[in-house]
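Shown next, in structure tokens, is the structure this report addresses.
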Amino acid sequence: STTDEFELHVFCDAFEMAYAACVYVRVVGSHSAKVTKTKVAPLKAVSVPRLELCAAVLGSKLLTSVVNALDDDRVPARTFARSDSTIVLSWLNEMPRQWNTFVHSRVTEIQSVLPRAHWRHVGTLDNPANLGTIGIQPSRL
């Protein structure tokens, strides 16, 4: 199938104890498939905005894995990335050179996979990656 027949939807989120990302593959005329990844936050205290940025890096890496699994060498035009962090979205909307080293390197990595035009805001309650950060019981899934 061609890249015009499907869309990729990336969602990223973080909280104090973990950060997560998920990718939905929406195939036109079919059901969606979902791929997720969660990481535990570092033991050293890190601010939530920095964890949210790490979640966006995780999302871009997960997206790359999905694109590679689809036997394609580029991110399809119909790719959408979402975060509920307005701070991260503001970092991604600017050139990375103005940020400190931590933010600069991660924004550069994210933008090399998914240009800033693909990123949008999603409300926390509408963000499926939120489930990976709050510690939900499997029975509630």
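Taking Lys and Arg as +1 and Asp and Glu as -1, the other residues whose beta-carbon sits under 11 Å from that of LEU89 total 0.
With a 1.4 Å probe and every protein chain kept in, tell me what percent of the accessible surface of the chain is carbon plus sulfur. Let's see the in-between values first.
Working: 4410 of 8240 Å².
Using a 1.4 Å probe with all protein chains present, the chain comes out at 53 percent carbon and sulfur.
Heavy-atom accessible surface of the chain, averaged per residue, reaches 58 Å², computed with a 1.4 Å probe. Charge tally for ASN100 (other residues, Cβ to Cβ under 14 Å; Lys, Arg +1; Asp, Glu -1): +2.
Net charge within 11 Å of HIS121 by Cβ-Cβ distance, Lys/Arg positive one each and Asp/Glu negative one each, not counting HIS121 itself? Before the final figure, lay out each step's value.
Values: positive: ARG82, ARG120; negative: ASP84, ASP126.
Cβ neighbours under 11 Å give a net charge of 0.
The modelled label-to-label distance for the pair THR101/ALA45, using points 7 Å beyond Cα in the direction of Cβ, is 2.2 nm.
When DSSP assigns beta bridges and you keep just the ones with both residues in the chain, what percent turn out antiparallel, to the nearest 5? Please report the intermediate quantities before stating the final value.
Values: 17 of 25 bridges.
Restricted to the chain, the bridges split so that about 70 percent are antiparallel.
Averaging the Cα positions of each part gives two centres, and for the range 104-140 and the range 9-27 these lie 4 Å apart.
Judged by the ratio a/c of the largest to the smallest principal axis of the C-alpha gyration tensor, the chain counts as oblate, that ratio being 1.5 or greater while a/b is no larger than b/c.
By the helix-only formula, in which each DSSP H run with n ≥ 4 contributes -39500 (n - 2.57) and the sum is divided by residues, the chain has a 222 nm mean residue ellipticity of -10000 deg cm²/dmol.
The values are calculated or read from the model by the stated rules, or taken from the named source; none is laboratory data. Keep in mind that this is a model prediction, so the values were computed, not measured. Cβ: placed from backbone, ideal geometry, glycine included. Neighbour counts: every protein chain shown. Remember, those area values only see protein heavy atoms, side chains included, never the ligands or the DNA or RNA. Shrake-Rupley method; radii C 1.70, N 1.55, O 1.52, S 1.80 Å.
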